[in-house]
Structures are given as C-alpha cells and as structure tokens.
Amino acid sequence: MAHCPTSTHTFTGREEVLTILEEFFLSGHAPERMKTFLLHGLGGAGKTQIALEFTRRFKQRFTAIFLITADQEYSIQGSYFDIAKTSGVQDAQSWEAGLHWLHSHEEDWLIVIDNADDPKIPLSRYLPSCDHGNVIITSRNPDLRDIANQYLELSDMLPEEGIQLLIKHAIKDLNNNKSDQEQKVAAKIAEELYYFPLALVHAGAYINRQQCLFEYLDRLGHQREQLFSKGPQQPKDKYYYSVYETWNLSWGQLSPDSRMFLELCAHLHYEHIPHSLFERGVKNLSMVESPLGPKRVVGVEHPDTLTRTHNLAVTLRILGRTNEALELAQSLVETSKRVLGVEHPDTLSMTQNLAVILGRVLGEEHPQTLNTTRNLAVILRVLGRTNEALEIEQSLVETSKRVLGGEHLHTLNITQNLAVTLRVLGRTNQALELEQSLLETLKRVLGGEHLDTLNATQNLAITLRVLGKTNEALELEHSLLETSKRVLGEEHPDTLSRTQNLAVTLGELGKTNEALELEQSLLETSQKVLGEEHPHTLIRIRNLAMTLRILGRTNEALELEQSLLKTSQKVVGKEHPDTLNTTRNLAVTLRALELVQSLLETSRRVLGEEHPDTLNTTRNLAVTLRVLGRTNEALELVQSLLETSRRVLGEEHPDTLNTTQNLAVTLRVLGRTNEALELEQSLLETSKRVLGGVHPDTLNTTQNLAITLRVLGKTNEALELEHSLLETSKRVLGEEHPDTLSRTQNLAVTLKVLGRTNQALEIEQSLLETSKRDLGEEHPHTLDRTQNLAITLRVLGKTNEALELEHSLLETSKRVLGEEHPDTLTRTQNLAVTLKVLGRTNQALEIEQSLLETSKRQVLGNDHRDTLGQIQNLAITFRNLGRFDEALQLQQSMLQKATRIWGPEHPSTLIKIQSLAITLRKLGKFNDALEIQQTLVVVSERVIGSDHPFTFRRIQNLSTTLAYLGRKNESLELMNPLVDKSVQVLGETHPDTLYYIKSLRLLESFSN
C-alpha cells in the first residue's frame, strides 16, 4: 500500500523508543545522508505499532509518508508501484517508477518498510539510493542492522506500560474507573504474561468479552497445563507460551462458524480484506443446501471454495502430483475469472504460483505476470514438457529485459531458469555460456555472496559436471561450500545442498571414499537440522545408498534403500517422484525384474508415457532383461524407447545417445555385431560433436566400440583405439579413476586375445594392486580383476598360481556377494576349468554338476546364457573323462535351446555347434562331424568374417576331421592358407598361429 495508516487507539507507552526515533529523525540539523532506522525484535513486540505511532505524532514534519509491506518481494514492488501512481507519475510501467520518484524528489519524505522478515529478500535493492529522505524498517531479522544508520532491539514493555495496555483492552471504561483490586489483578496478569504486548492484547480482549478479570489467572493456568501436556518436546521461550496461551483461550470461546471465518481470512493477505467478499458469500448461502446442514457448503464457485481449491492445487504440486495440480489450477483460474472477475484481487492471488498468465489483468509485461509465467515454465519442465518450457522462457527473457532491464533480479532469475531448461534438453554448451555470463552479472549487481549469486554458482558447477569438466566443477564447488558456510552457516539448508552436490562431483571423479565420508556426515546433520523424514533427508539417504553400491557395499546399500522406500511411501506417498526414484535405485541394486516392471507401470500412469523419468525407467528395464538373458525382449523395448527418445528429447540429447549405446550393446549380445559396429561408429561421431571428444559419455562410447571391434576379430583396430582411449582417460580423469582402471583391464583383455599374454599379465598385476588400494580388497571390481589375473596365469601355464588365486577368490565372493550371486557362480565355473587343466577332472565334474543345478533351480533359469555356458563346460568335462555319450546328449539338448533362444547363426550357437562336432569326432562319427563342420565354416565366414580368429579355429578343426578321414590333401589345402592368414592377421608369435604351424607340420610329416 502507498498510504500509511495510523496506530491503534489503544496504543500505550513506549515513550523511550519514540523519543529515540524523534531524536534520530528530527534532530534539527540537515542530513548528509538518507536516514535509516531499524526496529527489530520478536513478532508481537509492537514494532509496527511504534512505527505507526511515530508517523501519527509527527506526520506534519514530513512531506509524505508511505507504508511498504515487505513480507514478500512482489508486495514490495506493488507498494512502490502504488507510490508512483499516488504521486502522480504518468504512465508508470513498473515498480521502479515509485523508487525513482523518491530518488528524484529531494524532500523530507518518510517510508515505513514493515515486516521485512525474509532474509532471502535483497532489501537493500529496494532502498532509495539517495542522500535525502527517511526510512523506518521493522523486522524480526537482526542482520538488517548492516543497512541501517541506527537500530534498536525492542525489549519487554515497562511493567507500568504493560499493565496499562492490558487494562485498556480489558476494562474499556471511558471514565477510567478501576478499583485497586482490579489494578492489582491486572498487574499479576501482566507479570504472568511477561509484559509482552501481543499476549497482553489477546488477554485483554478475552477478559473484556468474558468479563472474567478475576478468574483469568485460573483459566490461564488450566490452559498452560493442557499446553504442556500435549505441546512440543523442544523448549520454547517465555514469549511463545504467553502468546500461545492467551490466543488459545480466545480461540476456545469461538463458535465453529467463527473459527471457520478466521480460517478463511488466514488464506488472505491481511491488508484490505474486502467486505464485498463476504457480502457475496452471504448472498450465495441462500442458494445452497448441504447434507452437512443448511447453507454450510457455500458452492463450488464461492470465493472461499476457490481459495481452498487454490491451496489444494499448491499442496498437490508440493506432493509431486504435478499433473493434477496443473489441471486444477487451470480450471480454477477460469472459474475465478468468470465468478469474481478478471481483475478481482482474489483472482490475482489464486493465479500466483499456479503458472497462469495474467496478461489481461495486469498487462503482459507486468512484473507479476512475468513471475507467474516463469512458474508456468518451471511446472512444464517438471512435467517433462521441456520444449514448451523452453519456448516460454526464451520469450520471457526477452520481455523481461525490455520491460525491467537486463540486470533486474527477475530477469536474472528467468535467465537462470532458461539455462537449466537448456541443460535438461541436452543443450549443455548453450547453458554453460548463459550461466557464465549470468554469474558475472550477478556478482557485479548483487555481490559475490548474495544468495542468488551462490545459487547461480552451484548451477554453473552442475553444468560443468554434466559437460565432463568435473575438475572445474570440483574447484568451483569447494570454494562455494566455504562461502556458503561462512555466509549462511554450516547447517543452513542451502549449505547442506551444496555439500551434497560436492559429494556427487567427488563420486564422478572416482573419489568415492571421500564422497562417502562427506555424505555420511551430511546425513547426520540433515537428520538433526531438518528431521529424519524431511524430503531432503530422504534424498540424502538415497544418495548415500548409491555411493555404498558403487563402493561394492551392496548389502549396506540394500538395507538403506529398503528402509528408505518404506519411509518415502509413508511421508510423501507411493507415487511421488522421489518414491519412484528410490524404487528405481532399489531395483538396480537387486536387479529385480518384477520391481522394475511395476515401477514402469506406475511411472507411466503418474508421470506419463513420455516423461524423462519414465524413459529412464524403461531403459533400466531393458538393461535388466538383457542381464537376465531375455535379450530379444530387451531389444524390442530399447528399439521402441529409442524412437520415443528421438521424438521427445531430440536426436542428439544425451539420454537419446545413451539409449543408442544400449541398443548397440544389445545387438552385440544378440550376435548382430556388424549392426552394433555401424551404430557405434555413427554414435561416436555424434558424441564427439555434441558432447566433445573427452566427455565421459564419449569415452564410454569409444570403449564400447573397441569391444565390438574385438568381438568382430578386428583386434588390432581395437588395440589402437584402446591405447589412445587409455591415455585420454588418464589425462582427463586421472590414472586411478574407476573408469581409467576399467579401460586398463579392457586393454589387457585385448592384449591377451592378440597373444601378448605376458604384457597383459604385467598390466593386470599392477591393476589389481591399485584396485585393492583404491577400492578395497572386497570391492566387486577388485574381485573381477582377480579373476582376470587368474585366467591370464592359466593361459600362461601358471596353473597352480591360478588355482590358488581362484580358491581364495571364490571364498571371498561367497562371503561378500553370496553363494548364489551370478558372479560367484561364474567364479565357481572358472575354478572348475582350472582344475580340468590340472587334470583334476573328477573334482571339476563334481563342481560343475552342483553348479548347474544351482543355476537351473532359482538363480538364472534354464535358458539363461550362463546356464547354457555351464552345460557346455559340463559336456566338455564329460568328454575329457571319456564319457562321450553323456557329453553328446547334453550338447544336442543344449544346441536345440541355443538355436531356439538366439537363432542358428548366433556366435554363441556357432561355438556350441563346433563343440558338438568335436564330440562326434571323439565318438568316431567322422562323417557326421565333417558335415557339421563344413557348414559351420561357411556360416562363420559369412557371419563373423573370414579373418575372424574363431573362423580360423573352425577351419583348423575341419582340417583335423578331414585328416582323420584320410583326406590329407584336402586337409593340407585348408591348413596352408590358414597359416598364412593367421600370420597376417594375428602375427607370427600369436599362440593360435604357432598352433596352426605345428598342426601343419604334423600333417606334412604324415603325408610324407
């Protein structure tokens, strides 16, 4: 409001304070600067009434007096807009016109900035920047002393003042007749209420209405007993209880209708609640009947109903039920416009924070319209309708720059929202450019330690992290956290959020133990400051569980996530986005298919088919199906997902690129390796262009391409790619980053495939030591690397060393992961293979038979890839033991399954065909073996290529079968070119080449 009301007629005392104000503002000498006085103290201490009493007494001494309501930023702007209008400013377009009027009128005006309690409002921005004029600020925030010339904290009223204030409200006698007994009782009551003004006013009003001066202390005592019997556990100060007790006594005397009336008023701003609002309500009451009683329900279009609908919409949004909130809000505004009128104050209030454009009411370019439009864009982004949000925000930024100016706080906030939307859309470089410029502007306009500047710094750090510039993000976040601790305090919610972001960045950099330490401490602080069930506390529990999972502490993560899911369901509901995220993480930890499928159905229903979170859940389901061996189902799902992602997010969005990578991996697993190669080569080029050559996602795509090349037998190309990738990974991420270590392991595997096994051994031994030191001896990655080292030792003939390593590894795996974990089963199989190499075939047989039963029974299922692999190994063991018929029976059954599951030309099916042919040859069924192998070589050359190592081995096996049949010339015709090709493709010293040369010489000796 622009005009300044007077104090109440019952204003009492406070003469000392009024004298201090008089001396400060009216001392007589000409001021050199604008005078600013801060009155601060507890709510209800009388700050506003003192300021209004001062303006009443001395209004003739000022040229103009204005009251600015400062409880919200938009109300400050509205007050300044009113100042401009009442002061005769022509064509005022914004609130700044009022501020400019004060600045330009060198007069002795006075503004009272009332209830400036919110520390997030940059109040200094709303003070006139001039050397004339006067300002009184009332606030509960003592930190505003920094912007005042003088300040005073209001203490208790003097006892005599407190007694008089109580009596004025309790005994409204025009002749001021009160007995000595009444005076004594009033003094006791005032003392009992600590002479606190608000409590005294409450008590006086109650006493006057109930005529109970002498009974009041007894009633107050009874009320206090009730309060302490059911009140809050944390102790409150004396003023809290005095105000609560006196208020509650009055509340208890009200009728239900009166209570409802006050509840309705509580939803409205306290200034100028219009009588017409209730007059209209009375008229509407006559039109409504209700099962709750005559005229109790006021109708769906009554202003009170609209207010409650507005509150319901806000609540729905807070609960994460955004679709319902949006639908309700849009309908509400239309009803409000029709019933109350487009320009009715309640219509404007309802549309605030509900994302509805107020163009017709205030004008398209009014600050409040711009603010509401901004909220609309945020809701659309939350709903996954990010392109719509982008379109609104881009237009909004231009409008705000033109109307309010490029450095106006509202313009800067909208720019930040636009940058976030760009980042969500995968246009991260554009977001980065915008945020860097925005941060510089905020530092210059608001200062480096302003709340908005700190928030912009955090957003910039997140964008840098998304772009893979993680070290830059880390440096920024370290500095930001220190500033936040100093400016806001160690336990401020924003400081806690920044601590969490720093932990995420540390995790991205592979510094997972540091992240864990930070998150554990953060969670304790969050539980203490915010409470065990606060949504932010729940998010931090989820993040801690994810870190534990990355560290291989899966059981701890699982325990946390299961407990968290129950809490989240209770606190925010089963279908809240945070609960869905927790469910998704639990499903990842468990690799639980049913859980992911149920989650996807919920996500589709609650968020929509095309919401980004639904798309992520779909991708997780596809991965889970692939891990479970249901690869054709995974393929169908990921192909459909890719089409949706391209349409909804765009061809080059990071999530679309990740889905493309998942499709390529699925194709490779299905044996469609050439298709996977083509997809990955194109994907790598796109990733380099969109994300950059050293972005973590680009590096991951490069690794996947190298693996595909290796599977295709293009091992030298894979090796060249992996050497370059490893150097880049060391430079960008660091030598001991988890991704760098994984790439080192992949390089060792490729070297082994190339026969450079000693080089692989040297790399793996060093890698295992690093993994033990950085990740721990029992981390899943450390266990994997131990297994790889054991295989390398076995290949090199160091079989006893391999056996010792595998025995120890298996015991650790059983203890850490469980006896039936898929990795434990794989390690059991590897141990059996090593035993066979050592000639301990009966021991291997016993292990493999038990292993197969476990896999079939419950862990993997009969048709899982690993189960079929175990059947293959058991068949080979039977064959090694001379139990050829049992081996043959197993292999024929297994080949039928493989053909049904993967198809007749899948690489895994071809391996099983080769193994069957060898068993037939062992049984002396040479012609049957020959027929199978001839067909197999032709298929192998077509499917995986004539230069693939597996094709070479199949040609060698065919040559051996021909030799057994006495067809040595045909055998030699196959072996001579095979040796030449192997030398050319694999190299002269490759173990396979040496074996082929040895086989050729043996054939030649038999021929001679």
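For the stretch 887-1008, averaging the sequence separation of C-alpha pairs within contact (under 8 Å, six or more residues apart) and dividing by the residue count gives a relative contact order of 16 percent. Once Rh is set to the Kirkwood radius over Cα pairs, what Stokes-Einstein translational diffusion coefficient, in µm²/s, holds for the stretch 491-604 at a temperature of 4 °C and a viscosity of 1.567 mPa s? Translational diffusion coefficient: 90 µm²/s. Checking the table 814/925; 120/401; 59/188; 574/688 against a 31 Å threshold on Cα-Cα, which pairs fail? In this structure, 814/925; 59/188; 574/688 exceed 31 Å between Cα atoms. Across q = 0.12, 0.13, 0.23, 0.26 Å⁻¹, the stretch 80-165 modelled as identical point scatterers on its alpha-carbon atoms has Debye log10 I(q)/I(0) values of -0.48, -0.55, -1.17, -1.34, in the order of the q list. The 1.4 Å probe gives accessible areas that order 66, 950, largest first, as 950, 66.
Electrostatic tally near residue 923: other residues with Cβ closer than 10 Å to its Cβ, Lys and Arg +1, Asp and Glu -1, net +2.
Rounded, prolate or oblate: which fits the stretch 693-808, taking a ≥ b ≥ c as square roots of the Cα gyration tensor eigenvalues, rounded meaning a/c under 1.5, else prolate when a/b beats b/c? Numbers along the way, then the final one.
Numbers: a/c = 2.35, a/b = 1.30, b/c = 1.80.
Oblate is the answer for the stretch 693-808, as a/c is 1.5 or above yet b/c matches or exceeds a/b.
Take the Cα of residue 862, go 7 Å toward its beta carbon, and the backbone nitrogen atoms of the stretch 899-932 under 18 Å from that spot belong to 899-903. Seen from every direction in turn and averaged, the convex hull around the alpha carbons of the stretch 441-546 projects onto 6.5 nm².
In square nanometres and to one decimal, what's the mean projected area of the convex hull around the Cα atoms of the stretch 881-956? Write down the numbers at each step before the final one.
On the way: hull surface 19.5 nm².
Averaged projected hull area, Cα only: 4.9 nm².
Sorted largest first, the spans of the alpha carbon positions of the stretch 948-1008 along the three principal axes are 30, 20, 15 Å. Summing +1 for each Lys or Arg and -1 for each Asp or Glu among the other residues whose beta-carbon sits under 13 angstrom from that of residue 904 gives +3. Using the beta-carbon distance between residue 559 and residue 184 and R0 = 41 Å, what value does 1/(1 + (r/R0)^6) give for FRET efficiency, to the nearest 0.05? E between residue 559 and residue 184, to the nearest 0.05, is 0.05.
Around residue 571, what is the net charge, scoring Lys/Arg as +1 and Asp/Glu as -1 over all other residues with Cβ under 10 Å from its Cβ?
Values: positive: 566, 570; negative: 532, 533, 578.
Taking every other residue near residue 571 into account, the sum is -1.
Each of 653, 723, 712 was scored by the projection of its Cα onto the charge dipole of the stretch 639-736, and the greatest displacement toward the positive side belongs to 712; charges sit on the C-beta of Lys, Arg, Asp and Glu.
For a test of the definition: using alpha carbon positions, the gyration tensor, and the 1.5 limit on a/c, classify the stretch 904-1008 as rounded, prolate or oblate.
On the way: a/c = 1.96, a/b = 1.07, b/c = 1.83.
Because a/c hits 1.5 or more and a/b fails to exceed b/c, the stretch 904-1008 counts as oblate.
Computed on the Cα atoms alone, the convex hull of the stretch 594-682 gives a volume of 76 cubic angstrom per residue. The value of relative contact order for the stretch 662-818, using C-alpha pairs under 8 Å at least six residues apart, is 12 percent.
Scanning residues 5 or more positions from residue 151 or on other chains, those with amide H under 5 Å from its amide H are 38, with H placed 1.01 Å from N in the peptide plane. Across the stretch 9-116, the mean sequence separation of Cα contacts (distance under 8 Å, 6 or more residues apart), normalised by length, yields a relative contact order of 26 percent. Placing R0 at 56 angstrom, the Cβ-Cβ distance between residue 482 and residue 800 gives a FRET efficiency of 0.50 after rounding to 0.05.
Evaluated over the Cα positions of the stretch 28-102, the convex hull gives a direction-averaged projected area, one quarter of its surface, of 6.5 nm².
In the stretch 729-777, the alpha-carbon atoms span a convex hull of 65 Å³ per residue. For the stretch 1-146, take every pair of Cα atoms, bin their distances at 10 Å starting from 0, and report each bin as a whole percent. That works out to 11, 43, 37, 8, 0, in percent per bin. Full extension of the chain between residue 727 and residue 773 yields a length gain of 14.4 nm, computed as 0.36 nm times the residue separation minus the alpha carbon distance. Over the stretch 768-824, the fraction of Cα-Cα pairs per 5 Å bin, rounded to whole percents and listed from the shortest bin up, is 4, 22, 27, 25, 17, 5, 0. Computed on the Cα atoms alone, the convex hull of the stretch 774-913 gives a volume of 116 cubic angstrom per residue.
The values are calculated or read from the model by the stated rules, or taken from the named source; none is laboratory data. Predicted model only: the values in this text are computed from it and were never measured. When we count neighbours, we look across all protein chains shown, and the Cβ atoms used for this are built from the backbone with ideal geometry, even at glycine. Accessible surface is based on the protein model in full, side chains and every heavy atom, while ligands, DNA and RNA are left aside. Shrake-Rupley method; radii C 1.70, N 1.55, O 1.52, S 1.80 Å.
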